[in-house]
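Visitor: Below is the structure I would like to discuss, written out as structure tokens.
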Amino acid sequence: MSITLRQAVDADAGFAAVCVAAAYAQWIPLIGRKPGPMLEDYHTVIATNQVLIAELGGQPVGLLVTRQTDEGFLLDNIAVLPECAGQGIGRLLLVRAEEEASRQGYQSLYLYTNERMIENIELYARIGYREYARRQENGFRRVYMRKQLG
């Protein structure tokens, strides 16, 4: 089955919340609370950001949230249902974020993750993201990383 991407609509908010909750649940014990993406209202996220839904066999299995900020093009969230992990969905969403940043004229894109999510930091470093800041925001200690686009 092939993975397809489509723009999210308001009716996808329920799936988005479920997908994010499932994808991020593993981090709650590590950081001692729900990660930031689990606290979002996905009706608002879909209305105010660029959100893509990944589908496999016509069923939603993941999402990508991006937006423009004062710091540049933000890869705000990637989430894939845990039962669909390892099928290239997350990688496809990462590539799409980079393509979209380039298409919109950006030379780089950035993201942030919790400083305790070492596996994520290592993954992003392996694919070209470099740490440029650490910040305390909304009670979270975040590592900011940027990737230059070629």
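The values are calculated or read from the model by the stated rules, or taken from the named source; none is laboratory data. Every value quoted in this text rests on a predicted model; they were computed, and no experiment measured them. Quick reminder, even Gly has a Cβ in these numbers, built from the backbone with ideal geometry, and neighbours come from all protein chains shown.
Let's see how each residue does on (1) over 14 Å from the mean Cα position of the chain (by Cα); (2) of a type outside the set (A, V, I, L, M); (3) over 20 Å from residue 16 (Cα atoms):
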{"position": "47", "(1), (2), (3)": "yes, no, no"}
{"position": "56", "(1), (2), (3)": "yes, no, no"}
{"position": "59", "(1), (2), (3)": "yes, yes, no"}
{"position": "76", "(1), (2), (3)": "no, yes, no"}
{"position": "84", "(1), (2), (3)": "yes, yes, no"}
{"position": "107", "(1), (2), (3)": "yes, yes, yes"}
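Visitor: Further, regarding this structure: Quickly run through segment 92-130 and pick out the residues that are assigned to a helix (DSSP H, G or I), more than 16 Å from residue 77 (Cα to Cα), aliphatic (A, V, I, L, M) and touching a residue at least 12 places away in the same chain (Cβ under 8 Å).
Guide: Within segment 92-130, the subset assigned to a helix (DSSP H, G or I) is 92-103, 118-126.
From what's left, more than 16 Å from residue 77 (Cα to Cα): 102-103, 118, 122, 125-126.
Now restrict to residues that are aliphatic (A, V, I, L, M): 118, 125.
Within segment 92-130, just 125 meets the criteria.
Visitor: Right, next: What are the residues in segment 72-82 that are touching a residue at least 40 places away in the same chain (Cβ under 8 Å) and either crowded, with 23+ Cβ neighbours inside 10 Å or within 19 Å of residue 37 (Cβ to Cβ) (or both), if any? Before you say what the answer is, go through the steps one by one.
Guide: Kept after step one, since they are touching a residue at least 40 places away in the same chain (Cβ under 8 Å), are these residues of segment 72-82: 72, 77, 79-82.
Selection gives 77, 79, 80, 81, 82.
Visitor: Another one. Kindly indicate whether residue 134 is part of a strand (DSSP E or B), charged (D, E, K, R), in contact with a strand residue (DSSP E or B) (Cβ under 7 Å, 6 or more places away or on another chain) and free of Cβ contacts under 8 Å to residues at least 60 places away in the same chain. First the steps, then the outcome.
Guide: Numbers: part of a strand (DSSP E or B): yes; charged (D, E, K, R): yes; in contact with a strand residue (DSSP E or B) (Cβ under 7 Å, 6 or more places away or on another chain): yes; free of Cβ contacts under 8 Å to residues at least 60 places away in the same chain: yes.
Yes: the conditions hold for residue 134.
Visitor: Which pairs do you get when a residue that is at pLDDT 95 or above, found in segment 6-17, comes within reach of a residue that is surrounded by fewer than 11 Cβ atoms within 10 Å (Cβ to Cβ) and part of a helix (DSSP H, G or I), reach meaning Cβ atoms under 7 angstrom, with the pair 6+ apart or on two chains?
Guide: none
Visitor: Does residue 29 meet the test of being part of a helix (DSSP H, G or I) and either within 24 Å of residue 138 (Cβ to Cβ) or at pLDDT 95 or above (or both)?
Guide: Working: part of a helix (DSSP H, G or I): yes; either within 24 Å of residue 138 (Cβ to Cβ) or at pLDDT 95 or above (or both): yes.
So residue 29 passes the test.
Visitor: Also, I was wondering about something else. Can you find, within segment 130-150, the residue that is modelled with the highest pLDDT among those that are surrounded by 14 or more Cβ atoms within 10 Å (Cβ to Cβ) and among the aromatic types (Phe, Trp, Tyr)?
Guide: 144
Visitor: Next question. Residue 117 - would you say it is of a type in the set (A, V, I, L, M) and modelled with pLDDT of 95 or more?
Guide: No.
Visitor: Taking the residues in segment 28-64 that are surrounded by 14 or more Cβ atoms within 10 Å (Cβ to Cβ) and touching a Lys or Arg at 6+ places or on another chain (Cβ under 8 Å) as candidates, determine which candidate is nearest to residue 97 (Cα to Cα).
Guide: 64
Visitor: Only one of 96, 67 is of a type outside the set (A, V, I, L, M, F, W, C), loosely packed, with under 15 Cβ neighbours inside 10 Å and more than 23 Å from residue 26 (Cα to Cα). Can you tell me which? First the steps, then the outcome.
Guide: Details: 96 fails: loosely packed, with under 15 Cβ neighbours inside 10 Å.
None of the other options fit; the residue is 67.
Visitor: Among the numbered criteria (1) farther than 25 Å from residue 3 by Cα; (2) of a type in the set (A, V, I, L, M); (3) touching a Leu at 6+ places or on another chain (Cβ under 6 Å), which one does residue 121 miss?
Guide: Unmet condition: (3).
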